[in-house]
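Visitor: Let me begin by handing over the structure; questions about it come next.
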Amino acid sequence: MKKKFETEAIRTQMERSQNLEHSSPIYMTSSFIFEDAEDMRASFAEEKERNIYSRYSNPNSSELIAKICKMEGAEQGFAYASGMSAVFSTLAALLNAGDHVVSSKSIFGSTHTLFTRFLPKWNISTSYFDTNDLSAIEGLIKPNTKILYVETPTNPGVDVLDLEVLGKIAKKHGLIFIIDNCFATPYLQQPIKFGADLVIHSGTKLLDGQGRVLAGITVGSGELMDKVYRFSRITGPALSPFNAWVLSRSLETLAVRVDRHCENALKLATHLEDHDKIEWVKYPFLKSHPKYEVAKRQMKAGGCVVAFEVKGGLEAGRKFFDRIQLLSLSANLGDSRSIVTHPASTTHSKLTSEEREAVGISDGMVRVSVGLEHIDDIIADIDQALG
């Protein structure tokens, strides 16, 4: 019987031990023992599927991976110590010296730095296309292009890219299509349905939902994930058993949490649209969003992030942040507690002002990760901070 999303999130569990525990235990062990010499030989020869060493696999990380694979419609996955270790390990496993990547300009600041400052050390180059001009992608593709990389909705400007169009371009040119699905979560969006080969998450964000642990995960086709797994098994960026256990528990409440995040975010975005101190506001499920129809087609709801600009520029923005009382000033997102961030001076501060401007990050942009507090209290705090 095919189960619904919420049921899979709760009922996908590791096999119970002889103790018949109802909730999965934590396997805080670095290694596992073997029955005899033949069992040990066969295990290392991969003639058996079993746990050998927690850098390779652990019952807790395996349970987490199984859940995300079911949610995303993926075949295999690997769980990482952070979102960025998932991004780097996935790219490093699949790219060779001389390869080329085509990426959206609007990506997380650390991913951008990876493309522009570190991958070039191994003669791997990247060409960027504007989020609002997907027609430019094919003109950037070269004989050595291997990967098409995007995130949608984007960080921090919540732009939306048409996954169906991207999937067709990738298939036409034989590219590996990789999506950072962190802002949407598999509850709101499943990129594999639109042709994505691999999907990456920072589990630190909405998957955990309470700002407790660092984690990342990549899932996708078995063929590609085998390469990613073998690279990751050797290089050692594996997620700890405890953090995997925490995340697996968190996924049990993902649907109900994200429903409330989205409800609150839409109410805040609608309120800010009519605010006389706001220059502009963007949220995927606002009808004023340039890609509203695309968002409605590929997402269940708009997510937890609202972006806006305070009138009065940088100085007005500073006053806004200094006046905030309830909301947290932090660089994280997807927390049960609402968070306000100034991307230009935090998450994207390593980009030049020209690079930020190219992806729509103004000096006065504010990113709000809308939490689970009562929406009236969230709105009241932002209103008083706007003066």
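Visitor: Here are some conditions: (1) in contact with a Ser or Thr (Cβ under 8 Å, 6 or more places away or on another chain); (2) among the aliphatic types (A, V, I, L, M); (3) buried (at least 19 other Cβ atoms within 10 Å of the Cβ). Ile176 meets all but one. Which one does it not meet?
Guide: The failed condition is (1).
Visitor: In the range 355-379, what residues are β-branched (Val, Ile, Thr) and either assigned to a loop (DSSP other than H, G, I, E, B) or free of Cβ contacts under 8 Å to residues at least 12 places away in the same chain (or both)? Talk me through it step by step, then tell me what you get.
Guide: To start, the set of residues in the range 355-379 that are β-branched (Val, Ile, Thr) comprises 359, 361, 366, 368, 370, 375, 378-379.
Val359, Ile361, Val370, listed by residue number.
Visitor: Next question, about the same structure. Within the set of pairs 6 or more residues apart or between chains, which connect a residue that is basic (Lys, Arg) inside the range 201-230 to a residue that is in a loop (DSSP other than H, G, I, E, B) with Cβ atoms less than 7 Å apart?
Guide: Lys205/Cys182; Lys205/Leu333; Lys205/Gly334
Visitor: Follow-up question, since we're still on this one. As an exercise: evaluate Glu46 against (1) in a loop (DSSP other than H, G, I, E, B); (2) touching a residue at least 40 places away in the same chain (Cβ under 8 Å); (3) more than 16 Å from the chain's Cα centre (by Cα) and give the number of the one condition it does not meet.
Guide: Result: Glu46 passes all but (2).
Visitor: Also, quick follow-up: Given the criteria among the aliphatic types (A, V, I, L, M), surrounded by fewer than 22 Cβ atoms within 10 Å (Cβ to Cβ) and touching a strand residue (DSSP E or B) at 6+ places or on another chain (Cβ under 8 Å), does Leu140 qualify? Write out each step before concluding.
Guide: Details: among the aliphatic types (A, V, I, L, M): yes; surrounded by fewer than 22 Cβ atoms within 10 Å (Cβ to Cβ): yes; touching a strand residue (DSSP E or B) at 6+ places or on another chain (Cβ under 8 Å): yes.
Considered against the rule, which asks whether it is among the aliphatic types (A, V, I, L, M), surrounded by fewer than 22 Cβ atoms within 10 Å (Cβ to Cβ) and touching a strand residue (DSSP E or B) at 6+ places or on another chain (Cβ under 8 Å), Leu140 comes out as yes.
Visitor: From the list Thr131, Thr116, Thr111, pick out the single residue that is in a loop (DSSP other than H, G, I, E, B), of a type in the set (Val, Ile, Thr) and over 30 Å from Ser23 (Cβ atoms). Reasoning before the result, please.
Guide: Numbers: Thr116 fails: in a loop (DSSP other than H, G, I, E, B); Thr111 fails: in a loop (DSSP other than H, G, I, E, B).
Residue meeting the stated conditions: Thr131.
Visitor: Among (1) over 17 Å from Lys282 (Cα atoms); (2) of a type outside the set (A, V, I, L, M, F, W, C); (3) touching a Pro at 6+ places or on another chain (Cβ under 9 Å), there is one condition Arg297 misses while meeting the rest; what is its number?
Guide: (3)
Visitor: Tell me whether the range 328-336 contains one or more residues that are crowded, with 22+ Cβ neighbours inside 10 Å, of a type in the set (A, V, I, L, M) and either in a loop (DSSP other than H, G, I, E, B) or free of Cβ contacts under 8 Å to residues at least 24 places away in the same chain (or both). Please lay out each step first, then the result.
Guide: Looking only at the range 328-336, we keep the residues that are crowded, with 22+ Cβ neighbours inside 10 Å, and these are 333-335.
Right, trim to of a type in the set (A, V, I, L, M) and you get 333.
Among the residues that remain, those that are also either in a loop (DSSP other than H, G, I, E, B) or free of Cβ contacts under 8 Å to residues at least 24 places away in the same chain (or both) are: 333.
Yes - at least one qualifying residue is present in the range 328-336.
Visitor: Could you tell me which residue of the range 190-244 is surrounded by the fewest Cβ atoms within 10 Å (Cβ to Cβ), considering only residues that are of a type in the set (Asp, Glu) and in a helix (DSSP H, G or I)? So that I can check it myself, show each step before the final result.
Guide: Our first condition is that a residue be of a type in the set (Asp, Glu); within the range 190-244, this holds for 197, 208, 223, 226.
Next, from what is left, pick out any that are in a helix (DSSP H, G or I): 223, 226.
Values: Glu223: 10, Asp226: 13.
Per the stated criteria, the residue is Glu223.
Visitor: Sticking with this structure for a sec: Of the numbered conditions (1) of a type outside the set (S, T, N, Q); (2) closer than 30 Å to Thr29 by Cα; (3) in contact with a helix residue (DSSP H, G or I) (Cβ under 6 Å, 6 or more places away or on another chain), Phe320 satisfies every one except a single condition; which is it?
Guide: Result: Phe320 fails condition (2) only.
Visitor: Any residue in the range 247-271 that is at negative phi sitting within a Cβ distance under 6 Å of a residue that is at pLDDT below 95? List the pairs, counting only those 6 or more apart or interchain.
Guide: Leu251/Ala9; Glu252/Ala9; Glu252/Ile10; Leu254/Ala9; Ala255/Glu6
Visitor: Residues of the range 166-189 being part of a helix (DSSP H, G or I) and either more than 15 Å from the chain's Cα centre (by Cα) or among the basic types (Lys, Arg) (or both), which ones?
Guide: First, pick out the residues of the range 166-189 that are part of a helix (DSSP H, G or I): 166-173, 185-188.
Within the range 166-189, Leu166, Gly167, Lys168, Ile169, Ala170, Lys171, Lys172, His173 meet the criteria.
Visitor: Can you pull out the residues in the range 334-369 that are under 23 Å from Phe115 (Cα atoms) and among the aliphatic types (A, V, I, L, M)?
Guide: Passing the criteria: Ala344, Leu351, Ala358, Val359, Ile361.
Visitor: From the list Ser62, Ser24, which residue is in the same structural domain as Ala184 (by TED's automatic domain parsing), surrounded by 15 or more Cβ atoms within 10 Å (Cβ to Cβ) and in a loop (DSSP other than H, G, I, E, B)?
Guide: Unique residue meeting the criteria: Ser24.
Visitor: Of these, Gly303, Gly334, which one is modelled with pLDDT of 90 or more, in contact with a Gly (Cβ under 8 Å, 6 or more places away or on another chain) and at positive phi? So that I can check it myself, show each step before the final result.
Guide: On the way: Gly303 fails: in contact with a Gly (Cβ under 8 Å, 6 or more places away or on another chain).
Gly334 is the lone residue from the list that is modelled with pLDDT of 90 or more, in contact with a Gly (Cβ under 8 Å, 6 or more places away or on another chain) and at positive phi.
Visitor: Kindly indicate the residue of the range 253-307 that is in a strand (DSSP E or B) and not small (Gly, Ala, Ser) and also nearest to the chain's Cα centre (by Cα) among those meeting that condition. Before you say what the answer is, go through the steps one by one.
Guide: First pass over the range 253-307, keeping only residues in a strand (DSSP E or B): 278-282, 305-307.
From what's left, not small (Gly, Ala, Ser): 278-282, 305-306.
Details: Ile278: 28, Glu279: 28, Trp280: 25, Val281: 22, Lys282: 19, Val305: 13, Val306: 16 Å.
Within the range 253-307, the match that is nearest to the chain's Cα centre (by Cα) is Val305.
Visitor: Restricting attention to the range 228-248, does a residue exist that is in the same structural domain as Gly203 (by TED's automatic domain parsing) and among the charged types (D, E, K, R)?
Guide: Yes; the residues of the range 228-248 include at least one that is in the same structural domain as Gly203 (by TED's automatic domain parsing) and among the charged types (D, E, K, R).
Visitor: Name the residues in the range 124-137 that are exposed (fewer than 12 other Cβ atoms within 10 Å of the Cβ) and not charged (D, E, K, R), would you? Walk me through how you get there before you give the answer.
Guide: First, the residues of the range 124-137 that are exposed (fewer than 12 other Cβ atoms within 10 Å of the Cβ): 133, 135.
Passing the criteria: only Ser135.
Visitor: Just for the range 143-157: of the residues that are assigned to a loop (DSSP other than H, G, I, E, B) and in contact with a helix residue (DSSP H, G or I) (Cβ under 9 Å, 6 or more places away or on another chain), which one is surrounded by the fewest Cβ atoms within 10 Å (Cβ to Cβ)? If you could, list the steps in order and put the result at the bottom.
Guide: Of all residues in the range 143-157, those assigned to a loop (DSSP other than H, G, I, E, B) come to 143-144, 152-157.
Those still in the list that are in contact with a helix residue (DSSP H, G or I) (Cβ under 9 Å, 6 or more places away or on another chain) too: 152-153, 155-157.
Details: Thr152: 28, Pro153: 28, Asn155: 27, Pro156: 29, Gly157: 20.
Among them, the one singled out is Gly157.
Visitor: In addition: Quick one: count up the residues across the range 85-108 that are under 17 Å from the mean Cα position of the chain (by Cα), in a strand (DSSP E or B) and over 15 Å from Val199 (Cα atoms). Quick ask: steps written out before the conclusion?
Guide: So the first thing to find is which residues in the range 85-108 are under 17 Å from the mean Cα position of the chain (by Cα), and the list is 85-91, 103-108.
Add one more test, that the residue is in a strand (DSSP E or B), and what stays is 103-104.
Then keep just the ones that are over 15 Å from Val199 (Cα atoms); that gives 104.
Number of matching residues: 1.
The values are calculated or read from the model by the stated rules, or taken from the named source; none is laboratory data. Only a predicted model underlies this, so the values are computations on that prediction, with no experimental measurement involved. All Cβ positions, glycine included, derive from the backbone under ideal geometry; neighbour counts span all protein chains shown.
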